[in-house]
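For reference, the structure is listed below as structure tokens.
Nothing in this text is a laboratory measurement; each read-out follows from the coordinates by a stated rule. Note that the structure is predicted; figures quoted are calculated from it, not measured. Reconstructed Cβ throughout: ideal geometry from the backbone, glycine too, with neighbour counts over all protein chains shown.
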Amino acid sequence: MSRPPLAPKDRRVRVVTYLLPEVHKDLLRRKKRLKRSVSSIIEQALQNGELPNENQLLSVKGMLQVNADLARLGNLFNDALSRADMRANHEAIASLIDDISQIKNQLKETVLEIKR
């Protein structure tokens with residue numbers, strides 16, 4: 001006697017994933033301790049746990065892109081400082097480089113705060 005087919009909402013989908021060895025060991029320990037399947041443990045973690053906030057990840061990515069752009073701009077100003085024809089603007093360029101450096105540091109601190 002065979003089992004009746006499952007309704008579409010009850011069908012399971014196979015998901016292949018890669019884990020760090022220590023995470024895998026922890027998962028297997030939990031499986032044994034809880035006497036549950038790995039699938040049910042992961043499913044419960046996803047349903048009850050906190051998933052990464054997409055808006056937060058996009059914000060961090062945007063800030064890192066701005067930080068990289070500022071680094072490139074700072075490099076261009078540093079290059080300008082070494083040119084003889086830019087000597088008259090040396091103080092203004094140096095001031096801009098300092099400002100860029102401060103903004104980059106603020107961005108880095110903000111990213112670290114968001115990631116916590």
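Using just the helices of the chain, give the 222 nm mean residue ellipticity in deg cm²/dmol: DSSP H runs with n ≥ 4 each add -39,500 (n - 2.57), and the total is spread over all residues, rounded to 500. Write down the numbers at each step before the final one.
Numbers: 4 runs with 79 residues, N = 116.
Helix-only estimate at 222 nm: -23500 deg cm²/dmol.
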Distance between modelled label sites at Gln44 and Ala92, nm, 7 Å Cα→Cβ extension = 6.6 nm
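I'd like to compare 28-35, 16-23: which one has the highest average count of other Cβ atoms within 10 Å, and what's the full order after that? Don't skip to the answer; put the middle values down first.
Working: 28-35: 10.8, 16-23: 7.4.
So the order, starting with the most tightly packed, is 28-35, 16-23.
What's the long-distance tail for the range 54-115, i.e. % of Cα pairs beyond 18 Å? Please list the in-between numbers first.
Working: 833 of 1891 pairs.
The answer is 44 percent, as a whole percent.
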